[in-house]
1. Please work out if Gly213 is touching a strand residue (DSSP E or B) at 6+ places or on another chain (Cβ under 6 Å) and among the small types (Gly, Ala, Ser).
2. Kindly indicate which of Glu140, Glu153, Glu132, Glu162 is in the same structural domain as Lys60 (by TED's automatic domain parsing), more than 23 Å from the chain's Cα centre (by Cα) and within 18 Å of Phe53 (Cβ to Cβ).
3. Counting just the residues of the range 31-75 that are assigned to a strand (DSSP E or B) and small (Gly, Ala, Ser), which one comes out farthest from Gly220 (Cα to Cα)?
4. Output the residues belonging to the range 212-224 that are buried (at least 16 other Cβ atoms within 10 Å of the Cβ) and free of Cβ contacts under 8 Å to residues at least 60 places away in the same chain.
5. Restricting to the range 203-228, name every residue that is modelled with pLDDT of 95 or more and in contact with a His (Cβ under 9 Å, 6 or more places away or on another chain).
6. Just to check your reading of the model, which residue among Thr148, Thr120 is of a type in the set (Val, Ile, Thr) and assigned to a loop (DSSP other than H, G, I, E, B)?
7. Residue check, Leu25 against (1) among the hydrophobic types (A, V, I, L, M, F, W, C); (2) modelled with pLDDT under 50; (3) within 20 Å of Tyr138 (Cα to Cα), all met but one. Which one?
8. So which residues in the range 197-212 are in a loop (DSSP other than H, G, I, E, B) and more than 24 Å from Gln119 (Cα to Cα), if there are any at all?
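The values are calculated or read from the model by the stated rules, or taken from the named source; none is laboratory data. These numbers were taken from a predicted model, which means no experiment stands behind them. Heads up, the Cβs are rebuilt from the backbone with ideal geometry, glycines too, and the neighbour counts pull from every protein chain shown.
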Amino acid sequence: MKDIFLVCIFSLVTVLDLSAQENTLLKLCYNKPANQRVEALPIGNGRLGAMVFGNLSQEKIQLNENTVWADQPNRNDNPEAKEALPQVKKLIFKGRYKEAQDLVNQKFISKISQGMPYQTVGNLYLSLPGQENFINYYRELNIETAVTSIRYEVERVTFKREVFATFPDQIIILRITANKPGEINFTASMNRPTPVEVSTHGNDQLIMSGVTGDCDAVKGAIQFRAQFKIETEGGSISPTDSSLRVKDANSATLYINRLKF
């Protein structure tokens, strides 16, 4: 009897917690897809991140990882700084702050580069046929659960996408579902503003690898690799040289990881 009572209490607490999350005011809500990056919804775990646009026929998810930068490790210090440091100290102690600042600008600031700028890993695209005539579009970022979701209807079928990043597993997960079986169809591909190599591995994995770009006359040399795997319930997955096609699935889950090596 005691065990039954505890199970009932746990179930009630769980229901109340889920209800509170569903009704939270900590949401960003929109009734149309993003047209530009600043309108996309962010998810991340501190190392991996993504901007989710929520487009229907051509979903775009921009991927990020905190060690993907332009250039390569290099020294950009000003060699004149050490010699000028004593004079800067004297000017500061004498209260001649503007002169000290001018000297710092002249002798301390790098003359080579201002450091490596951050660069995107690239984009994951999902091409979904037959999604043009939709109704009841809704997308949100639930800040309490850190989940971005998109929901809409096409010909009386309700589709839903959920995207989040986990810290313990260090992956980004995208799940696509429908309220009717066999309705999930899409082709997944990847690209980047600079040249990359995209290939498939087995029937269910897509890999994109490349090198970051140049900046301030310093050649890019940071190697990176983005990889994701698709699992489906029902339907089939078929690879090409540079994409994966999901056909007639009940649901599909994409695991995006290994964004650096």
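1. For Gly213, the condition - touching a strand residue (DSSP E or B) at 6+ places or on another chain (Cβ under 6 Å) and among the small types (Gly, Ala, Ser) - is not met.
2. Of the residues listed, the single one that is in the same structural domain as Lys60 (by TED's automatic domain parsing), more than 23 Å from the chain's Cα centre (by Cα) and within 18 Å of Phe53 (Cβ to Cβ) is Glu132.
3. By that ranking, first place goes to Gly44.
4. Listed by number, the list is empty, since nothing qualifies.
5. Hit for the range 203-228 is Ile207, nothing else.
6. Only one candidate qualifies: Thr120.
7. It is condition (2) that Leu25 fails.
8. Step one: list which residues in the range 197-212 are in a loop (DSSP other than H, G, I, E, B), which gives 202-204, 212.
Within the range 197-212, Gly202, Asn203, Asp204 qualify.
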